[in-house]
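Down below is the structure, laid out as structure tokens.
Rule-based calculations on the coordinates, nothing more; no lab input. Quantities reported herein were computed from a predicted structural model and do not represent experimental measurements. With ideal geometry, Cβ positions are generated from the backbone for all residues, glycine too; neighbour counts draw on all protein chains shown.
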Amino acid sequence: MEVIHKIGRRKTAVARVYVSQGSGNITVNKKELAEYFTTAPLQYKVKQPFALTGTEDTYDVKVNVYGGGITGQAEAIRLALSRALCEVDAENRTALKPEGLLTRDPRMVERKKFGQKKARKKFQFSKR
């Protein structure tokens, strides 16, 4: 199996994932997964596609991720890994699709409008 390259995005985070045959090592920005994502929920999000397809210790993953915060980055990696696993084996799609892991979450930060304090919040109104 050659190296499979996929991209995942979430908010402003962009993750480039390189999946190859291996023993389950996940490297994020040249650091180990546990070193980059220190909390258990974020590590779970990254490993979720492997858990659902039952391929935990089958592939080595190298990730370059930038932009956004750590949660957005973890979810961007999850989307990219799900896409890569679908390319490896089309039957993985049946496990990943019902969990919503192949859907690009379109929610982005709404821009600030002029004449307002934030995107929706207005300046305080003074009647007199």
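Observations
- Cα-based convex hull, the chain, per residue volume (Å³, whole number): 129
- Counted residue by residue at 0.36 nm each, then reduced by the alpha carbon distance between them, the extension gain from Asp105 to Arg16 reaches 30.4 nm.
- A simple count of charges around Gln48, restricted to other residues whose Cβ falls under 9 Å of its Cβ and scoring Lys, Arg +1 and Asp, Glu -1, yields +2.
- Annotation: lysines with alpha-carbon distance below 20 angstrom to Lys113 (same-chain offsets under eight excluded): Lys11, Lys121, Lys122.
- Degrees between helix 40-53 axis and first principal axis of the chain (Cα, 0 to 90, nearest 10): 50
- Principal-axis tilt of helix 70-88 within the chain, Cα atoms, nearest 10 degrees: 40
- Sparse-neighbour loop sites [chymotrypsin sites (Phe, Trp or Tyr not before Pro); region 23-127; at most 11 other C-beta within 10 Å; DSSP]: Phe114, Phe123, Phe125
- Relative contact order (%) - the chain, alpha-carbon pairs under 8 angstrom, separation at least six: 30
- 17 Å cut-off, amide nitrogen to a point 7 angstrom out along Thr71 Cα→Cβ, residues in region 101-118: 105-110
- Restricting region 1-50 to GluC sites (Glu not before Pro) in coil, as DSSP defines it, with at most 13 other Cβ within 10 Å: Glu2
- Extension gain, Asn29 to Glu2, is 7.6 nm, computed as 0.36 nm per intervening residue step minus the present C-alpha separation.
- Centre separation in Å (Cα based) which lies between region 1-46 and region 102-128: 32
- Each DSSP beta bridge with both residues in the chain is either parallel or antiparallel, and the antiparallel ones are about 85%.
- Estimated inter-spin distance, Gln116 and Asp60, nm [label 7 Å along Cα→Cβ]: 5.0
- Region 1-46: trypsin sites (Lys or Arg not before Pro) in DSSP loop, at most 12 other beta carbons within 10 Å: Lys30
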